[in-house]
Amino acid sequence: MEAVSSIDLIGTGIKSAAMLMVVLGILFAVLWAAKRFMLPNRGSQNGLPINLESSLYLSPKQRIAVVAVGGDTLVLGITPERINLLTKMSASLKASDSSDSSDSTKEQEHAE
């Protein structure tokens, strides 16, 4: 009689472990889907859009980042200890810089 109950106990343990694996698999799938599809939509907090436009690594722990916040563009120096504002550009300054560079490119094309 004890042999039959020990076999039932082993079978029940295997079924329980299998169900645990199924539940954990579903949990990891839901977390992966949430990370994959929900996080890219977090670009704006409190109605203020913040976008990372560019980043340049100077060393493994130091970089320069160009971040657009609202209508302004910030150039930030980032280290493990601090984040420093290097310069701030307004949208009008950024637009005039791009038009100046496109005008100089057109001038160079006409010169050739």
Practice item. Considering each of Leu27, Leu58 in turn, give the residue that is part of a helix (DSSP H, G or I), at pLDDT 90 or above and surrounded by 10 or more Cβ atoms within 10 Å (Cβ to Cβ). Key: Leu27
Review point. Can you tell which of Ile50, Ile64 is at pLDDT 90 or above and surrounded by 12 or more Cβ atoms within 10 Å (Cβ to Cβ)?
Key: Ile64
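The values are calculated or read from the model by the stated rules, or taken from the named source; none is laboratory data. What you are looking at is a predicted structure, and each value in this text was computed from that prediction instead of being measured. Neighbour counts are summed over all protein chains in view; Cβ atoms, including those assigned to glycine, are modelled from backbone coordinates with ideal geometry.
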